[in-house]
Each structure stands twice: as structure tokens, then as C-alpha cells.
């Protein structure tokens, strides 16, 4: 009788350990970042508007098709630069909703001041 009770207790505890292990794995699972590619060229970004979700990780890729460019979203504390004909990449997770305007952060010529892109961050 004592052996049956011990085996039952071991079985229950083993089951709890297994269930707890699966629970930790499921809750600790990472979310792949949403990949967004922006192409910069004198004097525009393509696309000009991007919609993201608050709390969803983002892999922002900036590709330059001509001269060096950058894009900075001051309110989100995000900046990425790309060399002439190259690309740069930054990962971030938007932590607030709203419309955030980014500007070219590397002087690229006479129209530099008009280069902008808008991130719409939604719930």
C-alpha cells in the first residue's frame, strides 16, 4: 500500500514538472520580428507610409538606391543608416501608438529636407 502511494505521488509530480516545462516553453517563445524594407533614393522613401502594431517586434531594413541615406524617428528613438547602394538594419519594438514622421538623417543633396516617411503605430 505504501509503495502504491509513493508511485502515485511520483507520477503526479512528474506530470506537474512536464506540464510546467511546457508552460515555460510556450510563454518564453520568441516572436519573429515583422520585416519592413524601405528603399531610399533622392528625395523620397518607398513606401512613404508604413503601418506597425504596438508591441510587435520590427526588423527595419533601409536600402539606398543611390547615395548614402538614413532615417530617424526621433520620438521612437530609432535610427538606421545605409551606405551608397547598401543597406542598414535595426530592430525595435514600438511601445506607443500614433503617427511618427521620420526624416532622412544623412545629407543627400538639395531635396534632403523634404525626405520623410510616416510610421502609423496601431494597437
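Every number here is computed from the coordinates shown, using simple stated rules; none is lab data. Predicted, not measured: the structure shown is a model, and the values here were computed from it. Methodologically, a virtual Cβ is constructed for each residue, glycine included, from the backbone with ideal geometry; neighbour enumeration extends over all protein chains shown.
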Notebook entry, point to check: Each label point is 7 Å from the Cα along the Cα-to-Cβ direction; what then is the distance between the points at residue 123 and residue 75, in nm?
Noted result: 1.7
Notebook entry, point to check: How much length is gained if the chain between residue 32 and residue 116 is pulled fully straight, taking 0.36 nm per residue apart and subtracting their Cα-Cα distance, in nm to one decimal?
Noted result: 27.5 nm
Checklist line | Spatial extent of region 34-122: Rg and Dmax, with the Cα atoms as the point set, Å | finding: 12.0, 37
